[in-house]
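Participant: A single structure is presented below for examination.
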Amino acid sequence: MAMRGVTALLASAALVLSGCGGSSAPGGNTGGTPTPAPAPTPAPAPGGLFTPPALEALTVSEVQRIIAQAAGEAQARGLPSIIAVTDRVGNVLAVFRMAGAPGTAQLSTRRIGGNAAPGAEIGLQGAMVPATTAAIAKALTGAYLSSGGNAFSSRTASQIVQQHFPPAPNTAGLESGPLFGVQFSQLPCSDLNQRFNPGGGNSALIGPKRSPLGLAADPGGFPIYKNGVVVGGIGVMGDGDYGFDENILDTDLDDEEAIALAGIQGFEPPTDIRAERIFVDGTALRFSDAVPSQLAPLQTSFAAANGSLVAVTGYSDGTIRAGVAYGSEASGVRAATAAEFSNRDAFVLTDGNGNPRFRIRGGTDGASIAQPLTQAEVRAIMEEAFAVLSRSRAQIRRPLDSRMQATISVVDTHGAVLGIVRSPDGPLFGTDVSLQKARTAAFFSNPVAAQQLLATPVVPGISNIPAYVQRVRDFLGNQNALTGTHAFADRSGGNLSRPYFPDGEVGQVPGPLSVTASELFSPFAVGLQTDLVTPNIGAHLNYVDSNGATADTPVGCTQVPEAAPGQRRIANGIQVFPGSVPIYRGGQLVGGIGVSGDGIDQDDMVSFLGLHNAGQRVGSIGNAAPAIRADRIEVNVNGRIVRLRYINCPFAPFLDTAEQNVCQGL
């Protein structure tokens, strides 16, 4: 595949976006650190089920030490690098460029497509991007995927996003990674994730912040811990290859990973919560192939580091700043008051001034449906889902038998946010992802899904969204597909988005929402999910690369037509791994619920069972009728009939009861 620069690759994408309207955050690099408003008094929670994380944050001197340690290791290895440090909610605390560090990085030097023509359906694979954006994305990945119960790295991310799990030469035929597609979250166009705005007063530091490239699968990104509490992440880019690890069976000698590991010495996660202590389907996850014994003596003097701090348009003003403590009002994520959410232990997103960003409200889509969701119904859905979450046994947290922690989002049929609530220590990535999941389920179940996709502009050489509609219809043998005749959970749409169908089976066919042939797949080229947002990502990278001379991506992903002025149904992109269901009133779609932060079966259960319980409580809403659920769709695969899947709940999921098969028959 021909190597493509940012401008050459995405100039036509920028032209498409220039007529899309929307707003973008200021790109100025002036202003100081605001004085945050005090957090409202949390609701009393006697006998609460969760323990909120302690209020910890990195100081300027600690950021300097982390950079010095990483730079010293890079110097010892002869790999001048860019080193980025963030706090837990995504504020970039510093970007340090060593003398001789690369200016650009390639989104994987791996060749895909065999003899395919250059430029043939390769998504972002092979694109050249500013190396600073790669380092920032790695740091955010370590911070966002981790919590007080799990410490994941960008190597962990690589393991769980590929077409087979675990990725290795001998695992062809196994299903895809459990978080297949999560790399396209936290996007720079997301309408949930915040933008760098140092002049924004008390709102300047609130998160979660956006990532220039989504989540990273390239080793060299780790979480940073202080007194056992995750307080940020470090990312290193030095070799110019922003790639992924295709083979988990060997041990890589990765200099970037060793440099990042040196950076977190003294700020390591507790051993018991590192990824290798956490198992998914019997496979231990991976945290790091580098070990401390391989490191040179630590350099702790920031003054001795060979390089300088640099500004990155849209992310950093070229100075070092202290981190903000997650859980404080200044962080944008804090404990809810009794008036904001009734369940014990709930956390909400805030504006830095004491106000929740997403108050629970009724549907905004009265122009499209007869009876939108009411505020009381939305509240019931969120409360019942949070109650299920609070009882559930976690899959990806230590110690064993910890409670599940995640984020819950509810949307209407226009994709408008009707409420978001979190458990105290859910990984931050789940915030944006839960919203993606809710919107994706509501979008693909909507009667106008095909109409919207068909009306999306074609970007020559980059994306052809309308073509996916006919691919789906031919694949399912139904020329009315995507017109609301079936309810699609994210697990269902995910089945159609894998490069192998049925999931993992080689020698069959690719899903119609994936790339057209399995050899064209990479974590940077996955099909519809990539193509929907490539123009936005391209415009943003041009903005960073030009130091703000070109326009940033508008707030709101994709060029899918607006549902109403200022509203796009999938305004932070789509998600293609499980954890959401559409919401129905009788036979009419009225919204979607998404859950993210733990195992995919747990996420499925909280969305499905929480919605069911809410329907029992208010008597007016619920899950799709079994007759229209996507698991009734049969696909002929080379003479074999295969059904899509809808949801999959854990066998015995609760900590307070031995109840089994809790979703069966609902």
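Participant: Which of the residues spanning region 302-334 are in a helix (DSSP H, G or I) and surrounded by fewer than 19 Cβ atoms within 10 Å (Cβ to Cβ)?
Facilitator: At the first step, the residues of region 302-334 found to be in a helix (DSSP H, G or I) are 302-304, 329-331.
303, 304 - these are the residues of region 302-334 that are in a helix (DSSP H, G or I) and surrounded by fewer than 19 Cβ atoms within 10 Å (Cβ to Cβ).
Participant: Hey, could you check region 632-658 for residues that are in a strand (DSSP E or B) and without any contact (Cβ under 8 Å) to a residue 24 or more places away in the chain and say which is farthest from residue 490 (Cα to Cα)? Walk me through how you get there before you give the answer.
Facilitator: First, pick out the residues of region 632-658 that are in a strand (DSSP E or B): 634-637, 640-643, 654.
Pick out the ones that are also without any contact (Cβ under 8 Å) to a residue 24 or more places away in the chain and you get 634, 640-641, 643.
Working: 634: 17, 640: 23, 641: 21, 643: 15 Å.
My answer is 640.
Participant: Among (1) at pLDDT below 95; (2) closer than 21 Å to residue 236 by Cα, there is one condition residue 116 misses while meeting the rest; what is its number?
Facilitator: Going through the list (1) at pLDDT below 95; (2) closer than 21 Å to residue 236 by Cα, residue 116 breaks only (2).
Participant: Kindly indicate whether any position in region 363-383 is acidic (Asp, Glu) and within 23 Å of residue 89 (Cβ to Cβ).
Facilitator: No.
Residue-wise test of (1) touching a Lys or Arg at 6+ places or on another chain (Cβ under 8 Å); (2) at pLDDT 95 or above; (3) over 21 Å from residue 592 (Cα atoms).
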residue: 318; (1), (2), (3): no, yes, yes
residue: 323; (1), (2), (3): yes, yes, yes
residue: 335; (1), (2), (3): no, yes, yes
residue: 339; (1), (2), (3): no, no, yes
residue: 355; (1), (2), (3): no, yes, yes
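Participant: Follow-up. Scan region 514-534 residue by residue and report those that are modelled with pLDDT under 95 and either among the polar types (S, T, N, Q) or assigned to a helix (DSSP H, G or I) (or both).
Facilitator: 516, 518, 519, 520, 522
Participant: If you go through region 337-359, how many residues are crowded, with 22+ Cβ neighbours inside 10 Å, aliphatic (A, V, I, L, M) and assigned to a loop (DSSP other than H, G, I, E, B)?
Facilitator: Qualifying residue count, region 337-359: 1.
Participant: Take the residues in region 424-451 that are crowded, with 24+ Cβ neighbours inside 10 Å and of a type in the set (A, V, I, L, M); name whichever of them is farthest from residue 483 (Cα to Cα).
Facilitator: 428
Participant: Also, quick follow-up: Right, residue 176: closer than 29 Å to residue 65 by Cβ and either buried (at least 24 other Cβ atoms within 10 Å of the Cβ) or under 12 Å from the mean Cα position of the chain (by Cα) (or both) or not? First the steps, then the outcome.
Facilitator: Details: closer than 29 Å to residue 65 by Cβ: no; either buried (at least 24 other Cβ atoms within 10 Å of the Cβ) or under 12 Å from the mean Cα position of the chain (by Cα) (or both): yes.
Spelling it out, it is not the case that residue 176 is closer than 29 Å to residue 65 by Cβ and either buried (at least 24 other Cβ atoms within 10 Å of the Cβ) or under 12 Å from the mean Cα position of the chain (by Cα) (or both).
Participant: Please determine whether any residue of region 256-274 is part of a strand (DSSP E or B) and either within 18 Å of the chain's Cα centre (by Cα) or closer than 22 Å to residue 540 by Cβ (or both). Lay out the reasoning, then the answer.
Facilitator: Let us first name the residues in region 256-274 that are part of a strand (DSSP E or B), namely 274.
Still in the running and either within 18 Å of the chain's Cα centre (by Cα) or closer than 22 Å to residue 540 by Cβ (or both): none.
No: zero hits.
Participant: If you take the residues in region 239-253 that are part of a loop (DSSP other than H, G, I, E, B) and in contact with a strand residue (DSSP E or B) (Cβ under 7 Å, 6 or more places away or on another chain), which one is surrounded by the most Cβ atoms within 10 Å (Cβ to Cβ)? Spell out how you get there, then give the answer.
Facilitator: Quick first cut of region 239-253, residues part of a loop (DSSP other than H, G, I, E, B) only: 239-240, 242-253.
The next check asks that each one be in contact with a strand residue (DSSP E or B) (Cβ under 7 Å, 6 or more places away or on another chain); those that pass are 240, 242.
Numbers: 240: 16, 242: 29.
This residue is 242.
Participant: Report, by residue number, each residue of region 213-236 that is surrounded by fewer than 24 Cβ atoms within 10 Å (Cβ to Cβ) and part of a loop (DSSP other than H, G, I, E, B).
Facilitator: Passing the criteria: 227, 228.
Participant: While we're looking at this one, here's another question. Of the residues in region 470-513, how many are β-branched (Val, Ile, Thr) and in a helix (DSSP H, G or I)? Lay out the reasoning, then the answer.
Facilitator: Pass one, region 470-513, residues β-branched (Val, Ile, Thr): 472, 483, 485, 506, 509.
Next cut, in a helix (DSSP H, G or I) only: 472.
Going through region 470-513 one residue at a time, the tally reaches 1.
Participant: Scan region 397-423 residue by residue and report those that are surrounded by fewer than 24 Cβ atoms within 10 Å (Cβ to Cβ) and either more than 22 Å from residue 589 (Cβ to Cβ) or free of Cβ contacts under 8 Å to residues at least 12 places away in the same chain (or both).
Facilitator: Across region 397-423, the qualifying residues are 398, 399, 400, 401, 402, 403.
Participant: Identify, from the list 137, 101, 105, the residue that is assigned to a helix (DSSP H, G or I) and either buried (at least 24 other Cβ atoms within 10 Å of the Cβ) or at pLDDT 95 or above (or both). Don't jump to the end; show me each part of the working.
Facilitator: Numbers: 101 fails: assigned to a helix (DSSP H, G or I); 105 fails: assigned to a helix (DSSP H, G or I).
Going through 137, 101, 105 in turn, just one is assigned to a helix (DSSP H, G or I) and either buried (at least 24 other Cβ atoms within 10 Å of the Cβ) or at pLDDT 95 or above (or both): 137.
Participant: What about residue 567, is it surrounded by fewer than 22 Cβ atoms within 10 Å (Cβ to Cβ), touching a His at 6+ places or on another chain (Cβ under 9 Å), among the polar types (S, T, N, Q) and touching a residue at least 60 places away in the same chain (Cβ under 8 Å)?
Facilitator: Numbers: surrounded by fewer than 22 Cβ atoms within 10 Å (Cβ to Cβ): yes; touching a His at 6+ places or on another chain (Cβ under 9 Å): yes; among the polar types (S, T, N, Q): yes; touching a residue at least 60 places away in the same chain (Cβ under 8 Å): yes.
Answer is yes for this residue.
Participant: When you go through (1) farther than 25 Å from residue 353 by Cα; (2) modelled with pLDDT of 95 or more; (3) in contact with a strand residue (DSSP E or B) (Cβ under 6 Å, 6 or more places away or on another chain) one by one for residue 13, which number turns out not to apply?
Facilitator: Failing condition for residue 13: (2).
Participant: Give the residue, chosen from 170, 197, 227, that is closer than 22 Å to residue 399 by Cα, touching a residue at least 40 places away in the same chain (Cβ under 8 Å), out of contact with any Lys or Arg (no Cβ under 8 Å at 6 or more places or on another chain) and among the polar types (S, T, N, Q).
Facilitator: Only one candidate passes the filter, namely 227.
Participant: Of all residues in region 457-467, how many are assigned to a loop (DSSP other than H, G, I, E, B) and surrounded by fewer than 20 Cβ atoms within 10 Å (Cβ to Cβ)? Reasoning before the result, please.
Facilitator: To start, the set of residues in region 457-467 that are assigned to a loop (DSSP other than H, G, I, E, B) comprises 457-458, 460-462, 464-466.
After this cut, where a residue has to be surrounded by fewer than 20 Cβ atoms within 10 Å (Cβ to Cβ) as well, the list is 457-458, 460-461, 464, 466.
The number of residues fulfilling the criteria is 6.
Participant: If you check every pair at least six apart or on different chains, which have Cβ atoms under 7 Å apart with a residue in region 302-315 that is under 11 Å from residue 71 (Cβ atoms) first and a residue that is surrounded by 22 or more Cβ atoms within 10 Å (Cβ to Cβ) and of a type in the set (Val, Ile, Thr) second?
Facilitator: These pairs meet every condition: 302/67; 305/67.
Participant: Tell me which of these residue 470 doesn't satisfy, since it passes every other one: (1) free of Cβ contacts under 8 Å to residues at least 12 places away in the same chain; (2) buried (at least 21 other Cβ atoms within 10 Å of the Cβ).
Facilitator: (2) is the only condition that residue 470 fails.
Participant: When you check residue 548 against the structure, is it touching a residue at least 24 places away in the same chain (Cβ under 8 Å), among the small types (Gly, Ala, Ser) and assigned to a helix (DSSP H, G or I), yes or no? Before you say what the answer is, go through the steps one by one.
Facilitator: Numbers: touching a residue at least 24 places away in the same chain (Cβ under 8 Å): yes; among the small types (Gly, Ala, Ser): yes; assigned to a helix (DSSP H, G or I): no.
Considered against the rule, which asks whether it is touching a residue at least 24 places away in the same chain (Cβ under 8 Å), among the small types (Gly, Ala, Ser) and assigned to a helix (DSSP H, G or I), residue 548 comes out as no.
Participant: Suppose we filter region 272-301 for residues that are crowded, with 16+ Cβ neighbours inside 10 Å and hydroxyl-bearing (Ser, Thr, Tyr); how many remain?
Facilitator: The qualifying residues number 2.
Participant: Tally time: how many residues in region 480-514 are in contact with a strand residue (DSSP E or B) (Cβ under 8 Å, 6 or more places away or on another chain), of a type in the set (Gly, Ala, Ser) and surrounded by fewer than 24 Cβ atoms within 10 Å (Cβ to Cβ)?
Facilitator: Qualifying residue count, region 480-514: 2.
The values are calculated or read from the model by the stated rules, or taken from the named source; none is laboratory data. In this text the structure is predicted, and so the values were computed from the model without any measurement. Glycine gets a Cβ as well: all are built from the backbone with ideal geometry, and neighbour counts include every protein chain shown.
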